[in-house]
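Step one of this worksheet: look at the structure below.
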Amino acid sequence: MAHAGRVCFNFFMGNTSWLEWPASLDVDSLRKDGWRPLPFREFILKVHSRCDLSCDYCYMYEMADQSWRRQPRAMPDEIADMAAQRIAEHARSHGLDRITLILHGGEPLLAGRGLITRLIAGTRREAGPEITVDASVQTNAVGLSEAYLGLFDELGIRVGVSVDGDATAHDRHRRFASGRGSYAAVTAALGRLQRFPHLLTCAMTRCRHTRRWPGSDHRESTSCSRMAPGRSRRQAGCRTRTSLRTRTG
């Protein structure tokens with residue numbers, strides 16, 4: 001939104017009813033004039049740059065972006081420690097009492113339990129008791145073992161699982177490098193996860209015709225990243241984005 005030649009950004013950065021994107025990067029002067037930065041409250045960390053699936057629609061591994069080939073496989077310990085320190089420093093400097101840490105990849109479970117523990121426990125230790133650090137991991141669930149579930153239960157790490165509907169829809173796209181579908185492995189992992197319902201926060205892609213998962217509530221919004229001019233959603237292979245949460249109470 002433009003106003004008097006300036007771009008308005010949000011209502012927390014200024015001392016007027018407009019929140020203006022600052023024209024200067026002189027932070028000290030901006031603060032003296034009443035400008036305040038909007039702090040980050042959610043941090044997404046890519047802990048592993050590889051994946052154990054070869055989904056045919058993946059923009060990173062199966063399409064033009066091949067930058068992953070030049071990246072380290074896992075986040076180094078020293079980077080994990082620095083990330084924990086800087087995240088906690090940011091939260092303290094802005095007076096935050098709660099932040100969210102989300103582990104992504106690649107496939108984050110490939111990072112191993114040691115690195116995941118280092119990041120979550122390290123961030124909480126650096127943040128101190130005054131700041132709550134909520135943690136979650138977004139996974140394809142192929143490697144979601146009993147050992148991982150025990151660790152997530154111990155550390156209070158919630159789990160999001162990516163699924164593409166029923167077996168036919170899922171295995172059409174979400175396959176291992178050998179071409180074998182991953183649906184059986186994912187459903188087995190979800191079965192193990194059902195013993196820890198307090199950890200489940202499942203974001204999944206699914207086709208419209210896929211039946212509702214028993215025992216779960218979800219919010220649904222339609223989106224399609226594969227649309228092309230003159231093609232219907234079905235022709236484009238459209239998937240419906242769904243957030244799935246277990247019922248409580």
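The values are calculated or read from the model by the stated rules, or taken from the named source; none is laboratory data. If you're wondering where the values come from, they're calculated on a predicted model, not measured in any experiment. Using ideal geometry, Cβ is built from the backbone for each residue, glycine included, and neighbour counts are taken over all protein chains shown.
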note = For the range 153-196, the count of residues that are at positive phi and either hydrophobic (A, V, I, L, M, F, W, C) or not assigned by TED's automatic domain parsing to the domain that holds I116 (or both) equals 0
key: Residue satisfying condition, being assigned by TED's automatic domain parsing to the domain that holds Q194 and outside any loop (DSSP other than H, G, I, E, B), within set G106, G150, G143   = G150
ask   = Of the residues that make up the range 88-96, is at least one within 22 Å of P37 (Cβ to Cβ), loosely packed, with under 14 Cβ neighbours inside 10 Å, polar (S, T, N, Q) and modelled with pLDDT under 95?
value = yes
query = Which residue pairs have Cβ atoms closer than 9 Å, lie 6 or more positions apart in sequence or on different chains, and pair a first residue in the range 42-71 that is in the same structural domain as A83 (by TED's automatic domain parsing) and of a type in the set (A, V, I, L, M) with a second residue that is exposed (fewer than 13 other Cβ atoms within 10 Å of the Cβ) and outside any loop (DSSP other than H, G, I, E, B)?
reply = M60/S67
request  = Being surrounded by 11 or more Cβ atoms within 10 Å (Cβ to Cβ), over 21 Å from G179 (Cβ atoms) and not hydrophobic (A, V, I, L, M, F, W, C) is the filter here, so list the residues in the range 42-64 that pass it.
outcome  = K46, H48, S49
key: Selected residue (criterion: surrounded by the fewest Cβ atoms within 10 Å (Cβ to Cβ)) from residues of the range 97-144 that are among the polar types (S, T, N, Q) and closer than 26 Å to R70 by Cα   = T117
